[in-house]
Amino acid sequence: MTLLELEGVTASYGPVQVLDGVSLRVPDNGAVGILGANGAGKTTTLRAISGTVRAGGRIVFDGKDIRGLRPDRVAALGIAHVPEGRGTLGDLTVRENLRVGAYLRKDAKGVAQDIDYCLDLFPNLQNRIRSNASALSGGEQQMLAVARAIMSKPRLLLLDEASLGLAPSTAKNVYDAIRRLRIESGIAMVVVEQNANLAFTLVDSATVLETGRNVLTGTSAELRGMDEIRRAYLGG
Amino acid sequence: MARVVEAPASSAASSFRRRPWVRRAGPLVLLVVLVALPLMLPEGANDTLARIGVFAVAVLGLNVVMGYTGQVSLGQIFFLGLGAYVTAYGVTNDWNIVLVFVLACLVPAVVGLVVALAAARLGGLAIAMVTIALPIVGVPLAKRLSDYTGGSQGLSARFTDAPEGTGLYDDQWQLYLVFLIGGTVFLLTRNLVRGRYGRAFAIVKGNENVASSMGISPYRYKVLAFTIASLIGGVSGFLYMVVVQYTSPETMSFGHSIELLVAMVIGGAASIVGSILGGAFYVVVPDLTNAIDPSLTALLQGALLLVVLFLLPGGLASLPRALTRGRRRSRAGRGPAAPPTTPSSTTGSGTAAEEPETERQGHA
Amino acid sequence: MDKFIQLVVDGLSTGSVYAALALAIVLVHQATGLINFAQGGLAVLAAYVAWWLTNQGVPLVLAILLSIVFSFALGALVERYLMRRFERGDPDTAVVVTIGLLTLITGVAGWLWTYNNQQFPSLFSLETVSLLGVSVSIRSIGTTLAIVVVMVLLQALFAGTKLGLALRAVAVNPQSAAFSGLPVGRLLMVGWGLAAALGAVAGALVAPQLTLTPGMLDNALVYALAAVILGGLTSPVGVVVAAWIIGVLENLAAVYVGFIGFDLKVAVPFILIFVVLIVRPQGLFGRKVVVRV
Amino acid sequence: MAAELTLQDVSLQFGGIKVLQEVGFVVEPGQIFGLVGPNGAGKTSLFNCISGHYRPTSGTVRIDGAEVQGARPATLAGHGLARTFQHPALQLHATVLENVLLGAHSRLPGGPLEWALRLPRARRAERELRAEALELLERNGLGWAAHLPADELSHGLHKGVELCRALLMKPKLLLLDEPAAGLPHAEVETLIATVRRLREEDDITVVIVEHHMGLIAALTDRVVVLDHGAKLMEGTAAQAQSDPRVIEAYIGKDAADDAA
Amino acid sequence: MRKHLRSRRALGIAVASAVAITLPGCAREVGGGGDGGSGGEASPGITDDSITLGITTPLSGATAGPGTCTVAGITAYFGAKNAEGGVEFGDGKTRTVEIEALDDAYDPQQAAANYDQLKDEVFAMTAGLGTPTNRAWRDAAIADEVPQVLIMTGDPLFSDAEESPWQLGFVPIYQNEGEAFGELLASSGQDHKVAILSQNDDYGEGYVEGFTSAIEGADNIEVVEQLTYEATDTSVDAQITQLAASGADVVFNAMSQVPLVVSALQKAQQLNWKPSWFLPSNTSSPGAVLEPGGGAAFPGIYSVSFAKAPASPAFAEDEDVKAYLAALPQYGNYPDPPAFPHCQWSWMVGATLEQAFSEMTEPTRENFMEALRSIEDFQAPLMLPDTTVNTTEDGQPAVSTVVVQKYNGRGYDTVESFE
């Protein structure tokens, strides 16, 4: 069953066309990676899905065309976007960030449980719970960003450059936690990642973008084996 | 991704401005116009232009500290008032007029320096509140020091009647004085906000950490900007006396300080041309609303301000940019530029020696 | 000694006027990250609406309630159709827009209701009671208590409620808030609406004391801003306490510090701000923000 | 001309939190020195202690033997110290050239009056440094972008512009804060080449904070690994990568295998 | 205020000045600059059938209330006259009187600009409110020989014929008002302790100066406390508290801000301090000040005046008052009952100007000034008995006589002695 489907999605900033027909298919419980060089359109693809850029083409989520919906409407449908640069709410405490994440939920008890779950998933946040988000380290902020996203109980998580600026071990910790989340909750994911090695530890399949177009799509195993991919995008 | 390969830098207008003969002839034409204008205009227009000059200089000073250096100052009118009082006091005591002018510059500059030494430690809204205290305390202070200020009745000083023998009318003479002094201040400030100090002010506004790692002490440059702004405020105070010839505590009421801030933003922050447009807005709008309906001036002024900013959030100085936005968008689009695909990347070096004016620095 | 206590009580009463306006400024700042100069103008407009309604025979309490509703709607509309254009841009421009709005509103009030002084009926009686040997009017006590109640409600709104949290989240980072499903536009409207409604309460509270004119709160605005900066932009309790401190210290300085006197007492809050901010840049009660370089 | 940097027992506390604990090391003139460690280990704080943005609670920082801890960053810039930032902070509306020229600030003579009057000395100096800045950009492959507004350039190019800006200061000691963060692989290669050339041509001491172990391994002569604010080990990059404590604290077991 | 002071030529002016800036014309009228109209030739602003008067006054901002009144009164006066066909001049011609009023928002600089704009179109400037706003262009008016007459300021400078040949104030100088009350008090025969609260400017100082000069040498009067306030203050509670502590039985109050006077009266009652009060002529309105302030609670509230209070029942049947109250909404576009005495005052300014016009034999400013300066014992409409317009006394404005009045719960009664 397909949860999210993009077909021929286009987008531009002013007259500069950034997406030139991107297609993507995310099955229920699936995780798909988007790889590519800087400026290939990876981040813009996520933005097109979450409604933060105007896009053309077809974007169907759970059988419903969501293209052109406002970001908060998209979020309400169950898509949580963890933007590049994390987008944590700096002046709010960690706990408040998590509560904002659960804004759309009405089940107070479930929210409390999920906060505990997040703190279990990211133990580093436990003792920073009263700190302002802006006072957290880069790794902690990234964890908070992911935690806040899953507080909304999404069906699809859009993850943008979650390893950016993190030490290898920290990046690994973050990805470990996300993998655990995936296994335990079955949330579907679209993962944009510069570090393809890290991405392949999480995703089942991936597509490679170049100048706003898909140039290669395949399973993780297939892509990992291709020499040219390795050289061009994986830093091998 | 889609690449925007940049055709050499600019729109037709600015490349026109860059032609050598235009750059040399432009100032000359301006000079001729400035000399001829007072002789040709009717008295009322000369008066209005002179008042625009006064407040354009005041706005320019505010721009130095706020537009270019990013420090909110709500105290600029105080320095205008101080300059005006120094001028009035000097003139009524028959001091040499050159000495009066120098003092009208220096006294506000020194006071500004002292205030800035304390205020520049604060940032953001705090500095706004400390500077707003200047006009608010200045008004009762001017009343208390009535021996020097004439108290609430103020000081009149009529010292700018056209000298015998020039054959000029008073309004023409006054406008020439405004053009000469104001023009000099504008020219010097324009030079200052480009080059070494302009870049330093801009980075203090943009990012203090970067500034300090470039060897630019944010504190010292804030103090410098504030002092220069105060000095320019003093000059505008001198010009105020040249044109209005009367000052009282109301001259520096804090409402006018707010109006100067409005004028700066309406004209266009961090812009030389914007300072002039801001001064024009400050002066012309009350006259205009008076002409439309004097009983509705507040309503009309508020509405006009909102309409202008709604249409031009960047201020009046951004009008040319707004008009050519369509064309500009193609180059200013978000897509990051990339190196040209061909390796012959030597386009820049030829023009480099000619020091192209850096429009962006000042949005001028 | 009696005079001293009386001066303190007088100062608290005057401080409450500043506090009423300051609270509305804090609310809109928390909800949109903006300093709103027009806040006093909106409050005055609301007071005029209430006053006009009472002149049409509407009972005072009902008139005030209606003016609160009116203000909420007006605030929301102002956000939607005016401020929204400036919310992402240069903050200086947005502040200047609120100054323009203040001018416009003052002009509208002057146009509709003239610049004459109008007597606004008070919710509280002018009778006095004796407390600790000083006399206080029930109006002062009532006004002050009402402001304390508003302050507590506001503190609770921001600290404890989902709406308050959402308002703050939107002010901090609208796009990121939208990713969590927060309807950013609507919340900004609600923030402005609430601030305007609070302004209406403030206007109704202080109008009997100040006498209703279009520029009624112009002179209080500077003091309110001083209280906001001094108390810390994030703390309703802080700004109310700061407003009281300003009111009291100003009186005491005028009477007991010879060279200040009644003419220069206006300098007191600014000296206070300066001293406090050198020591505590976040204000008396503001939260310290640690930012990583 | 390259400077020697000596840190001795540098500690830093915020409130009760110990951010740095008695860190010390010596960077020889002309060395390329790496500073690595997990997030929150205190690398950037240590950087800020060297560049003067923070004042160490105790300990000494010496540049060429002179104690500089607690000196303001603007003063340190005069001592020949330059740095780049984790997130390049450029004036986005100014041109690339203007951004780079900012680095020439301390090398330009004259007070405000001299510049307001455009006296010949100031104009000449501006002209010369403008030429120097263009040459610098050219040398770093950015000559084509000199007259573009900075906001039209990509993130990776911003880092290059920022480096040029720092180099125009003619520093003796250059601090690079995560120069490779967010750069695709090809650009990291360019970066490595650039920094190598720096040392050869410009005679500068370089200190790098970086997560990219490939870059650290390729460039540095020595590294210090920080963990929880304290020095975990010091040695060559290869020694660090094979040190079990470092693998444990920083690289992570699996990741170490992955990193090709 | 749903009114429009719009002049028919207003837009014309705007367009003309815009054109003037863009298309410089070469012509400059002879006579601009220094030398005003001379000899028998008509001055600007007057034709055979009309005359235009200029006003610059605050119509927005804190002083817009009284400022609007100054325009409304005179506009109503001449509106009514114009409706009857116009005003008869001494040269035998009948002219309609047009008023050109501009807003200066109490900003001296703007007042000067307004003057510059009006000076070549109006015959004379009149009725404007404010000391600094009138001082700002006084020198210019003298140089241009433009009359600046019957203006609303008690600043004595404007009534010094030597210093100010083209000026004349209308309302009594502040000193006179203070003096009148001081004399009354000094002659009461009882001992009084006086507390003084005054506005910190020439207005307050003038009142206090007049008062203290009148009580000089009177050993039954002791000033026990003297404080000031700023016109921009939001409250005078602290001052009242301190004055109350002085134990004074009389307050000499020189405040020009209506809201603050109201709250001062209220505050004194809260402190249970019930002295007698003196209030200035412009802040003693029964309806706007004493009723909300609870004036009836005090043993005596005194004020000085030269104008009938239109709201007072005593004048309900007065012909002057009825004409005035009818004209104000009809011709002055002032629908509400007048809240400030300035409306009455500028009505009287109208009448005084008409008196001067009737003596004018040439349509020139010089001739007008001569005519204006020779009015003696003119009882303008709305004037109280025993007060007159008298322009012949140097050093005094057009009105220099005032009577002391006492509040009777609804209006004022003229009193001869302090009770």
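The values are calculated or read from the model by the stated rules, or taken from the named source; none is laboratory data. If you're wondering where the values come from, they're calculated on a predicted model, not measured in any experiment. So basically every Cβ, Gly included, is an ideal-geometry build from the backbone, and we count neighbours across all protein chains shown. Ligands, DNA and RNA are stripped out before the accessible areas are found, and what is left, the full protein with its side chains, is counted by its heavy atoms. Shrake-Rupley method; radii C 1.70, N 1.55, O 1.52, S 1.80 Å.
Quick look at the numbers
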quantity	calculated
Segments B:104-116, A:6-18, D:10-22 sorted - mean Cβ within 10 Å per residue, highest first	B:104-116, A:6-18, D:10-22
Within 10 Å of each Cβ in A:137-150, the average number of Cβ atoms from other chains	2
Per-residue mean of C-beta atoms belonging to partner chains within 10 Å, peptide D:77-88	3
Virtual paramagnetic centre 7 Å along Cα→Cβ of D:Glu201, amide N under 18 Å, in segment D:111-142	D:129-142
Inter-label distance, nm, simple model (7 Å from Cα along the C-beta direction), E:Asp48/C:Ser130	8.0 nm
Relative contact order %, chain E, counting alpha carbon pairs below 8 Å whose residues are six or more apart	19 percent
Calculated FRET value between D:Ser242 and D:Thr60, using beta carbons and R₀ = 25 Å, to 0.05	0.20
Summed buried accessible area for D+B [probe radius 1.4 Å, Å², rounded to 100]	3900 Å²
For chain C, built as a Gaussian network whose Cα springs stay under 10 Å, the top-fluctuating residue of C:Leu272, C:Leu154, C:Leu101	C:Leu272
Karplus-derived 3J(HN,Hα), 6.51/-1.76/1.60, for each residue of segment B:152-168, Hz, glycine and proline x	6, 7, x, 10, 9, 8, 9, 10, 10, 5, 4, x, 4, x, 6, x, 8
Cα shape, chain C, gyration tensor, a/c 1.5 rule	oblate
Rounded to the nearest 20 debye, dipole of segment C:2-217 from Cβ charges on Lys, Arg, Asp, Glu	480 debye
Ranking by accessible area, most exposed first, for D:His228, A:His81 with a 1.4 Å probe	D:His228, A:His81
Sum of -39500 (n - 2.57) over DSSP H runs of 4+, divided by residues of the protein assembly as shown (222 nm, nearest 500)	-16000 deg cm²/dmol
Computed over chain D: relative contact order in percent, which uses C-alpha pairs under 8 Å that are six or more apart	28 percent
5 angstrom amide H check on E:Thr96, placed H, neighbours 5+ away	E:Ser50, E:Ile51, E:Val87
Unit charges on C-beta of K, R, D, E only; dipole of segment E:111-224, Debye	300 debye
Proximal aspartates and glutamates relative to B:Lys222, as straight alpha-carbon distance under 19 Å, when same-chain residues fewer than 8 apart are discounted	B:Glu208, C:Asp92, D:Glu114
Nonlocal amide H pairs with E:Leu59, under 5 Å, H built at 1.01 Å	E:Asp104, E:Ala105, E:Tyr106
Calculated FRET efficiency for the pair C:Val257/C:Leu153, C-beta based, R₀ 35 Å, to 0.05	0.45
Relative packing of peptides A:82-89, B:198-205 - highest average C-beta neighbours within 10 Å first	B:198-205, A:82-89
Buried area at the C-B interface (accessible, heavy atoms, 1.4 Å probe, summed, Å²)	3100 Å²
Residue-wise HN-Hα coupling along segment E:282-288, computed from phi with Karplus coefficients 6.51, -1.76, 1.60 (Hz; x: Gly, Pro)	8, 10, 10, 4, x, x, 8
Counting DSSP beta bridges with both ends in the protein assembly as shown, the antiparallel % (nearest 5)	50 percent
Vicinal HN-Hα couplings computed from phi for segment D:171-188 (Karplus, 6.51 cos²θ - 1.76 cosθ + 1.60; Hz; Gly/Pro x)	x, 9, 9, 10, 9, 10, 9, 6, x, 9, 4, x, 8, x, 3, 4, 6, 5
Pairs of Lys in chain E closer than 30 Å at Cα, counting only those 8 or more apart or on different chains	20
Residue-averaged beta-carbon neighbours from other chains (10 angstrom radius) around A:127-134	2
Lys pairs, chain A - Cα-Cα below 25 angstrom, 8 or more residues apart or on other chains	8
For segment E:95-113, residues shielded by at least 20 square angstrom of accessible area compared with the chain on its own, probe 1.4 Å	E:Leu102, E:Asp103, E:Tyr106, E:Asp107, E:Pro108, E:Gln109, E:Gln110, E:Ala113
Listed residues E:Lys308, C:Lys3 arranged by accessible area, highest first, probe 1.4 Å	C:Lys3, E:Lys308
Under the Debye formula (equal points on every Cα, no solvent term), log10 I(q)/I(0) of the protein assembly as shown at q = 0.05 Å⁻¹	-0.47
Burial ranking of peptide ranges E:49-55, B:239-245 (average Cβ count within 10 Å, highest at the top)	B:239-245, E:49-55
Spatially proximal lysines relative to D:Lys172 (Cα-Cα < 24 Å; intrachain offsets below 8 disregarded)	D:Lys43, D:Lys159
Whole-number percent relative contact order across chain A, with pairs defined as alpha carbons under 8 Å at least 6 apart	27 percent
